[in-house]
Amino acid sequence: MFSRIAGRYDLMNGLMTFGMHNSWRRAAARETIPSPGGPGLDLATGTGDLALELGRVHPYRTIVGADFAHGMLTIAEEKRRPEDSGGRIRLVEADALSLPFEARTFAFVTSAFLLRNLADLRQGLAEMRRVSRPGGRVVALEITQADLPGWAPLIRAYFHHVVPRVGALVGGDREAYTYLPQSVDRFLTPPGLCALMEGVGLRGVKCRRLGFGTVTIHTGSA
Ligand SMILES: C[S@@+](CC[C@H](N)C(=O)[O-])C[C@H]1O[C@@H](n2cnc3c(N)ncnc32)[C@H](O)[C@@H]1O
C-alpha cells in the first residue's frame, strides 16, 4: 500500500495536515538531542522527511533511514541526493519487526507514523530498544485520537469523511486514506502506548500532544 501511494504521499501530507506535518517532525527530531555519541536510525523513514530533519539537527552524525517499502525509499533517495552532500544519510530496505542491525548500534531511534501500522507493536518497540545504545533516545511520533473537548468530534469527522475523499481525488487511492482513520481508531491512546514502551524496558517514558491532540510524540530512553 505504501509503495502504491509513494508518488503523492508528500503532497497528501501537506494537504491533510494544513502544512503542519514538518513542524511535528522537527519537534520529534529535537527530542533526540540528548543522546550518546553514534549514528541515528529513522525507522519507517518513508519518503525521508524525518531522516533529512535529523541530518539537519545532527550535522556530524550518520543517519540511517530504514523502510520496507521500496517505492517510498525511491522518493527518499531523490530528496536525499541534493541535500546530503556529505553522504551521511543512508537508506536501507528493512522490516521494523526484524531489524538487520546489531544490538546497541544507534545513539537514537525515531519513527514517525509507523507504530499504528505494525502487525506486532510490542515486537516493533522491542526492536527499537534492542538497537539503541544505553541512554539513547527512542522517539515515536504517531497520529492519536484528538482529546480536545468540543474539537474531537469535528476532527474525527474530518478524518473519516474528508481525508478519504481528498485521498481519492488527489492521492488517487481512496482505500489507503480510508485505512488511515480506521488505523487511528484501532490504535492505543498515548498513555497506553507509553505503558507498552515501559513494558519493553524503556525508561523515563513521556508523551507530548501536538496539533490539537491529533499527534503525540512519545519518548523514552534505552
Ligand atoms: C505513514 S508512513 C510514514 C513515513 C515517514 N516516517 C513520515 O514521517 O512520513 C508509514 C511508513 O511505515 C513503513 N512501514 C510500515 N510497516 C513497516 C515495517 N514493518 N517495516 C518497515 N517499514 C514499515 C511504510 O512502508 C511507510 O513508509
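The values are calculated or read from the model by the stated rules, or taken from the named source; none is laboratory data. In this text, all values refer to a predicted model and were calculated from it rather than measured experimentally. No Cβ is skipped: glycine too gets one built from the backbone with ideal geometry, and neighbour counts run over all protein chains shown. What goes into the accessible areas is simple: the full protein's heavy atoms, side chains included, and nothing from ligands, DNA or RNA. Shrake-Rupley method; radii C 1.70, N 1.55, O 1.52, S 1.80 Å.
Using alpha-carbon pairs under 8 Å, 6+ residues apart, how would you state the relative contact order of the chain in percent? Averaging sequence separation for qualifying contacts and normalising by length gives 21 percent for the chain.
The three principal axes of the Cα atoms in region 165-222 give end-to-end lengths of 43, 21, 18 Å, sorted in falling order. With both labels modelled 7 Å from their Cα along Cα-to-Cβ, the residue 11 to residue 175 distance reads 2.1 nm.
Inverting the mean 1/r over all pairs of different Cα atoms, compute the Kirkwood radius of region 87-217 and quote it in Å. Hydrodynamic radius (Kirkwood, Cα only) of region 87-217 equals 16.2 Å. Annotation: extensible slack from residue 161 through residue 57 equals 33.8 nm (criterion: 0.36 nm per residue apart, minus Cα-Cα distance). Rounded if a/c is under 1.5, else prolate if a/b beats b/c, else oblate: with a ≥ b ≥ c from the C-alpha gyration tensor eigenvalues square-rooted, which is region 127-167? It comes out oblate by the Cα gyration axes. Please give the Cα centre distance for region 1-31 versus region 64-131, rounded to the nearest Å. After rounding, the separation between the Cα centres reads 16 Å. Computed from label points 7 Å out along Cα-Cβ, the spacing between residue 185 and residue 123 is 2.6 nm. Once you order the gyration tensor axes a ≥ b ≥ c over the Cα atoms, which shape class does region 1-120 get: rounded for a/c under 1.5, otherwise prolate or oblate by comparing a/b with b/c? Taking the square roots of the gyration eigenvalues as a ≥ b ≥ c, region 1-120 is rounded. Taking every protein chain into account, the 1.4 Å probe leaves residue 72 with about 10 Å² of accessible area, to the nearest ten. Fully extending the segment from residue 98 to residue 20, taken as 0.36 nm per residue of separation minus the present Cα-Cα distance, adds 24.9 nm. The portion of the accessible surface of region 1-129 made up by carbon and sulfur, rounded to a whole percent, is 52 (1.4 Å probe; DNA, RNA and ligands excluded).
Go ahead and run the numbers for FRET between residue 30 and residue 203, Cβ-Cβ distance against an R0 of 22 Å, rounding to 0.05. Calculated value: 0.65. The Kirkwood radius of the chain, taken over pairs of alpha-carbon atoms, gives through the Stokes-Einstein law at 20 °C and 1.002 mPa s a diffusion coefficient of 123 µm² s⁻¹. The HN-Hα couplings worked out from phi for region 87-92 by the Karplus form 6.51 cos²θ - 1.76 cosθ + 1.60 (θ = phi - 60°) are x, 8, 9, 10, 10, 9 Hz, whole numbers, x standing for Gly and Pro.
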